[in-house]
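Notes for the one structure printed next.
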């Protein structure tokens with residue numbers, strides 16, 4: 001099995017056609033076809049289904065292409081690691097980060113990283129672990145930092161605690177319910193439902209149920225930052241959000257907290273990486289900067305003393 005066989009399979013999966021894969025690889029179509037046949041012969045199973053509009057991966061192909069992508073990503077990471085060990089501050093570092101991390105840690109980390117590695121390609125993707133985990137698994141992301149994933153992770157990941165977090169009830173400035181002091185007063189309000197668990201509504205409903213309250217009925221679900229910001233700033237909707245939204249300079253003039261008396265604990269913020277492979281030197285430097293910054297994610301909050309390392 002050769003690397004170009006894996007590249008051909010990935011190209012076909014991306015293009016859904018032999019012709020498109022050949023164009024992307026700069027090869028003739030017969031070369032792509034021969035490579036795929038060699039790969040299928042070695043694996044002993046067909047990988048493609050051919051139809052009028054092109055080709056698609058069958059069950060075997062869909063399973064194997066995940067491994068192929070991971071292998072190719074690791075080979076590229078290995079090449080970059082060699083260059084970085086030579087002393088070159090170049091290469092790509094990719095991290096998946098939650099909104100709380102972007103708002104609290106990224107500004108400080110970004111300045112420090114750019115000062116030391118101005119020529120590195122830095123790729124930062126916003127999201128939560130369930131959405132980003134496929135990219136972490138195949139090597140597209142070096143690590144993830146955000147709310148602790150729910151449930152047990154498999155042995156392929158290492159998890160490290162960064163800091164403990166809390167949620168706040170967040171609304172626009174001047175909201176008519178800004179003076180409320182209990183969740184009971186907010187049940188009839190409009191709510192934006194976000195969360196780190198699936199289905200999202202379970203986590204949302206539990207915030208009220210734990211205090212013996214029914215969940216609101218006027219609810220809109222969204223899992224990305226821009227819709228949340230647009231709705232919070234332009235409507236009377238409320239949301240449970242990490243407290244970093246309130247302390248952030250970005251939102252201090254447009255959003256505020258409704259200081260309810262109920263405790264609204266949020267999930268711990270952790271860093272997750274693959275256990276089997278070490279980070280490249282640049283990725284390790286970036287992860288270390290996040291670890292250092294987590295000691296003071298915002299004034300007066302818990303930090304480095306809460307750290308713990310575990311393989312799960």
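Quick note: the coordinates plus some simple rules give every number you see, no bench work behind them. As the structure is a computational prediction, the values presented were derived from the model and not from experiment. Counting neighbours? That spans all protein chains shown, and the Cβs are built from the backbone with ideal geometry, glycine included.
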Segment 183-226-segment 124-143 distance, computed between alpha-carbon centres (Å): 26 Å
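Per DSSP H run of at least 4 residues, take -39500 (n - 2.57); add these up for the chain, divide by its residues and hand me the 222 nm value, nearest 500 deg cm²/dmol. Don't skip to the end; give the middle numbers.
On the way: 11 runs with 127 residues, N = 312.
Taken over the chain, the calculation gives -12500 deg cm²/dmol.
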Using alpha carbons only, how many degrees (0 to 90, rounded to 10) separate the axis of helix 59-85 from the longest principal axis of the chain? 80 degrees
Treating the angle as unsigned and between 0 and 90°, give the value, to the nearest 10°, between the Cα long axis of helix 3-15 and the longest Cα principal axis of the chain. 60 degrees
With springs only between Cα atoms under 10 Å apart, run a GNM on the chain and tell me which of 278, 118, 199 wobbles the most. 199
I'd like the orientation of helix 106-116 relative to the chain: the angle between its Cα long axis and the longest Cα principal axis, in ° from 0 to 90, rounded to 10. 50 degrees
For mean projected area of the Cα convex hull in nm², pick the label among (1) 17.1; (2) 19.8; (3) 16.0 that corresponds to the value derived from the coordinates. (2)
Highest mean packing first, using Cβ neighbours within 10 angstrom, the peptides 17-30, 233-246 sort as 233-246, 17-30
